[in-house]
Amino acid sequence: MKGLFIDATDALAEVFYRMRRADDPPITVSEQLHITEAELPGLLAGYDFVIDDHTQMPVAALRQVPRLKHIIFLGTGARSYMDPEALAAIGVTVHTIKGYGDTAVAEHTIALMWAAARGLARMDGGMRRGEWIRTEGVQLTGKTIGLLGFGGIAGEVARIAAGSGMRVLAWNRTPRSAPNVSFVNLDTLLAESHVLSIHLLLTDETCGFLDSPRLAKMRPGAILVNTARGALVDESAMIAALQSGALAHAALDVFDVEPMQPGHKLSKLQNVTLSAHSAFRTPEASDTLVRRAQDIAKSLAAN
């Protein structure tokens, strides 16, 4: 059994070779950045599995590669790049990797929250343009952070936020419990959170979950933080809330379309802080992610 790491860009090839072991199955490494649907069948031909970081995997293209039976996706958000159920119907299994970067994403979430609360992006941009902009910040000690969804990342956010003196609320679609976290219904979470941080998995049921009616239920002047998936939020409704002031600020690491296109409306709003889908990017998280991908490949080869 042999595989292809189809898009080992952004230093992932270096991580791959560093974490590789002698008994791993043969894996060809490609550092091609943008791959079209038309190119996929030719690139995947002759391989039993593919490691995928950011490449779209449409069913029509994979039908042309009957030998390929497994996609190892680097992360949990495979649905942003493929349809796992439709692929399963043609005999392709999608493997995801959980828990590799919980602390990394949580720390980035907290960083975005504080940057939004203190207007750091606006002040930084102004000073680089020669302007002396002084914003009035929000003191978060004693304020409420609401966690929309509660898994490993949200648990780490809760730990850090509680240690910073914040009250922590959470809502999850299935019952959960955690130290220093009060689980409440969704309306209470939206109404009482000074900061709402999104931690849902993207599924057919959660796509567009934070829509216009739910945004309208949020505490006036709240901060929205999203390090999960852009499609969880109705982007147009969010922009309207930011423009009206109903939302004080949005701090975003993920977007409907990535990379975000130049001139996007979000990039022109002063009450938005942006990062380039990088919450998970630390050496520790990258090493764990790529090693786990190779462990999955090894287990497939052993069966």
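Would you work out the charge dipole size for the stretch 102-274 about its Cα centre, treating the Cβ of every Lys and Arg as +1 and the Cβ of every Asp and Glu as -1, and quote it to the nearest 20 debye? Let's see the in-between values first.
Values: 16 positive and 16 negative charges, 108 e Å.
Magnitude of the dipole: close to 520 debye.
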Within the stretch 205-303, GluC sites (Glu not before Pro) in DSSP loop having at most 13 other beta-carbon neighbours inside 10 Å: Glu205
Cα-centre dipole for the chain with unit charges at Cβ (Lys and Arg positive, Asp and Glu negative), debye to 20: 660
message: I want to verify the translational diffusion coefficient of the stretch 102-274 in µm²/s; compute it with Stokes-Einstein, Rh as the Kirkwood radius over Cα pairs, at 4 °C and 1.567 mPa s.
response: 80
- line: Dipole check, the stretch 102-274, charges on Cβ (K,R +1; D,E -1), about Cα centroid: among Ala117, Ile239, His199 the Cα furthest to the positive pole belongs to Ala117
task: With a cut-off of at most 11 other beta carbons within 10 Å, and DSSP calling the residue loop, which chymotrypsin sites (Phe, Trp or Tyr not before Pro) in the stretch 184-281 qualify? Please list them.
output: none
- request: May I ask you to compute the full-extension gain from Glu131 to Glu85, defined as 0.36 nm times their residue separation minus their alpha-carbon distance, rounded to one decimal in nm?
  value: 11.4 nm
- prompt: Pick from Gly77, Gly263, Gly42: which is most flexible by mean-square fluctuation in a GNM of the chain where alpha carbon atoms under 10 Å apart are linked?
  reply: Gly263
query: Quick one: net charge of Met127's neighbours, Cβ under 15 Å, K/R +1, D/E -1?
result: +3
- request: Would you please report the Å³ per residue occupied by the convex hull of the alpha carbon atoms in the chain?
  value: 149
statement: Ranked from fewest to most other Cβ atoms within 10 Å of their own Cβ, Arg229, Arg134, Arg291 fall in the order Arg134, Arg291, Arg229
- request: Compute the Cα gyration tensor for the stretch 6-52, then decide on rounded, prolate or oblate, letting a ≥ b ≥ c be the square roots of its eigenvalues: rounded whenever a/c is under 1.5, prolate when a/b is larger than b/c in the other cases, and oblate in all that remain.
  value: oblate
task: Provide, for q = 0.10, 0.16, 0.21 Å⁻¹, the log10 of I(q)/I(0) from a solvent-free Debye sum over equal Cα point scatterers in the stretch 1-131.
output: -0.45, -0.85, -1.22
- prompt: So what's the back-of-envelope 222 nm ellipticity for the chain, counting only DSSP H runs of four-plus at -39500 (n - 2.57) apiece and dividing by all residues, rounded to 500?
  reply: -9500 deg cm²/dmol
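Can you sort Asp124, Asp53, Asp23 by how many other beta carbons sit within 10 Å, fewest first?
On the way: Asp124 13, Asp53 18, Asp23 8.
Ranking Asp124, Asp53, Asp23 by Cβ neighbours within 10 Å, fewest first, gives Asp23, Asp124, Asp53.
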- prompt: Sorted from fewest to most neighbouring beta carbons within 10 Å, what does the list Thr96, Thr76 look like?
  reply: Thr96, Thr76
Rounded Å value of the spacing that divides the Cα centres of the stretch 7-40 and the stretch 180-201: 38
- request: List the DSSP H helices in the chain whose Cα atoms stretch 27 Å or more along the helix axis and whose mean Kyte-Doolittle hydropathy is at least -0.5.
  value: 283-302
- request: Could you tell me the distance between the Cα centroids of the stretch 228-280 and the stretch 82-115, to the nearest Å?
  value: 19
field: Filtered chymotrypsin sites (Phe, Trp or Tyr not before Pro), the stretch 120-195: DSSP coil and at most 12 other beta carbons within 10 Å
entry: Trp132
message: Which residue, Val168, Phe280, His264, has the largest displacement toward the positive end of the dipole of the chain when charges sit on each Cβ (Lys, Arg +1; Asp, Glu -1)?
response: Val168
- prompt: What is the magnitude of the charge dipole of the stretch 90-141 about its Cα centre, with +1 placed on the Cβ of each Lys and Arg, -1 on the Cβ of each Asp and Glu, and no other charges, expressed in debye to the nearest 20?
  reply: 160
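Given Cα pairs under 8 Å that are at least 6 residues apart, what percent is the relative contact order of the chain?
Averaging sequence separation for qualifying contacts and normalising by length gives 18 percent for the chain.
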field: Signed unit charges on C-beta, dipole axis of the stretch 87-154, positive-most listed residue Gly137, Gly151, Gly126
entry: Gly126
statement: antiparallel share of DSSP beta bridges within the chain, to nearest 5, in %, is 5
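Laboratory data are not the source of any read-out in this text; all were calculated from the coordinates shown. Just so we're clear, the structure is a prediction, and the values are computed from it rather than from any experiment. When we count neighbours, we look across all protein chains shown, and the Cβ atoms used for this are built from the backbone with ideal geometry, even at glycine.
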